[in-house]
Amino acid sequence: ECEYAPMVGYRAVDNPARALSDRAARHFGIGRLWELPPGAVTFNGAVAGAGIPTVGTEVTGLGGLRPEDVALYERGLLSLARLWGILPGQPEPAVTGPARRTTQVIAAGSGLFRSAVQRIGERVEAGERLGDIVDPFGRAVAEVVAPAAGEVWALRRFGTVWAGDYVALIAVD
């Protein structure tokens, strides 16, 4: 499982849904704006590709159902209902500034991931060590490095990884 920074985003599709999705993401009430690549691999990607406005969100994660995460979703959904005139009242104020693209960091080997990053939101530089993958005896299997400079928005906290697993998400500068 990964720990996530709360984020909300939209797919960078080339259709009118993009502008409406961007507007919805900005009024969801989460400060981290995420521009996801187009693609139909997920339900969200297929919906956006079909021209239907959509947003995608992440909150803490870790397989939990924390009350503060549920409250973020509830506030965001109420804000969207207000934004589109379904409910009376004002939506959350719009978040300004650009949405950030992210890059996934993928495990190059299988074993136990030992993170060198202490907290979500930490800044890293391209080539900086994010952690190591070791075998059950502590022997090095692979080093995990940041492919780009940016801010860590997600980090694997469950130690066991397989080659090809996603271990971090970096919001690229």
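The values are calculated or read from the model by the stated rules, or taken from the named source; none is laboratory data. Just so you know, these numbers come straight off a predicted model, no measurement behind them. As a convention, Cβ positions derive from the backbone with ideal geometry for all residues, glycine included, and neighbour counts pool all protein chains shown. Surface accessibility is based on the protein's heavy atoms, side chains included, excluding ligands, DNA and RNA. Shrake-Rupley method; radii C 1.70, N 1.55, O 1.52, S 1.80 Å.
Against the criterion of being assigned to a loop (DSSP other than H, G, I, E, B), surrounded by fewer than 19 Cβ atoms within 10 Å (Cβ to Cβ) and either in contact (Cβ under 8 Å) with a residue 24 or more places away in the chain or β-branched (Val, Ile, Thr) (or both), Ala148 qualifies.
Scanning segment 123-138 for residues that are modelled with pLDDT of 95 or more and open to solvent by 40 Å² or more (accessible area, probe 1.4 Å) returns Arg123, Glu125, Ala126, Gly127, Glu128, Arg129. Tallying residues that are closer than 16 Å to Leu83 by Cβ and either open to solvent by 40 Å² or more (accessible area, probe 1.4 Å) or charged (D, E, K, R) (or both) within segment 19-47 yields 5.
Residue pairs whose Cβ atoms lie under 7 Å apart, separated by 6 or more positions or on different chains, with the first residue in segment 19-38 and over 7 Å from Gly9 (Cα atoms) and the second surrounded by fewer than 20 Cβ atoms within 10 Å (Cβ to Cβ) and among the charged types (D, E, K, R), are His27/Glu92; Phe28/Glu92; Gly29/Arg75; Gly29/Glu92. Across segment 151-168, the qualifying residues are those that are assigned to a loop (DSSP other than H, G, I, E, B) and closer than 14 Å to Ile133 by Cβ, and the one among them that is most open to solvent (accessible area, probe 1.4 Å) is Trp162.
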